[in-house]
Every structure is written in structure tokens, then in C-alpha cells.
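A quick write-up on the structure given underneath.
The values are calculated or read from the model by the stated rules, or taken from the named source; none is laboratory data. Predicted model, so just to flag it, every value in this text is computed and none were measured. Every residue, glycine among them, receives a Cβ derived from its backbone with ideal geometry; neighbour counts consider all protein chains shown.
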Amino acid sequence: MLARAHQNLIWARTRHTNGLRSALREYYPAALEAFEDLADRDALAILGRAPTPVDAGRLSLSKIRIFHSFPYSR
């Protein structure tokens with residue numbers, strides 16, 4: 001039973017990652033070039049702080065480093 005629940009979570013994560021990839025391809029293609037793995041915690045943290053290309057343009061390198069250094073402070 002636990003293995004089935006785990007598999008369902010993996011499938012859901014894959015479905016959501018694919019949906020995110022599809023949306024980014026249409027709206028924010030630079031994010032696809034910037035992040036190798038969209039399910040990665042760092043990618044999600046930065047996309048959460050900069051959900052649009054305009055917001056991403058306002059991020060400084062020091063802010064990006066802060067997101068990367070403190071993954072649990074979001």
C-alpha cells in the first residue's frame with residue numbers, strides 16, 4: 001500500500017513538472033534555459049520569487065544566492 005502511494009506521488013510530481021514546463025515554454029522560455037530540473041528546490045524557489053520575466057530581471061545575483069543558501073526560509 002505504501003509503495004502504491006509513493007508511486008502516485010511520483011506520477012503527480014511528474015504531471016505537475018510537465019505542466020510547469022508547458023506553461024513556461026509559452027510564457028517564460030528563458031526559465032527553461034536557466035533551470036535544468038524544474039522540480040529542483042532551487043528552481044522552484046527562484047520561480048516562486050520571480051514568477052514573471054520582469055520579476056526575474058529585477059533579481060540581483062545576491063538575491064539569487066540568498067534563495068540558494070537558505071532553502072527553508074521561503
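Brief remarks on what is shown
- Matching residues in segment 53-74 - criterion: being surrounded by fewer than 12 Cβ atoms within 10 Å (Cβ to Cβ) and either modelled with pLDDT under 85 or among the polar types (S, T, N, Q) (or both): SER60, SER62, ARG65, SER69, PHE70, PRO71, TYR72, SER73, ARG74
- Index of the failed condition, GLU36 passing every other in (1) part of a helix (DSSP H, G or I); (2) among the charged types (D, E, K, R); (3) under 16 Å from the mean Cα position of the chain (by Cα): (1)
- Within the set ALA30, ALA43, ALA34, the sole residue that is touching a helix residue (DSSP H, G or I) at 6+ places or on another chain (Cβ under 7 Å) and at pLDDT below 95 turns out to be ALA30.
- Counted residues, segment 42-52 - those being within 8 Å of the chain's Cα centre (by Cα) and either loosely packed, with under 13 Cβ neighbours inside 10 Å or not in a helix (DSSP H, G or I) (or both): 1
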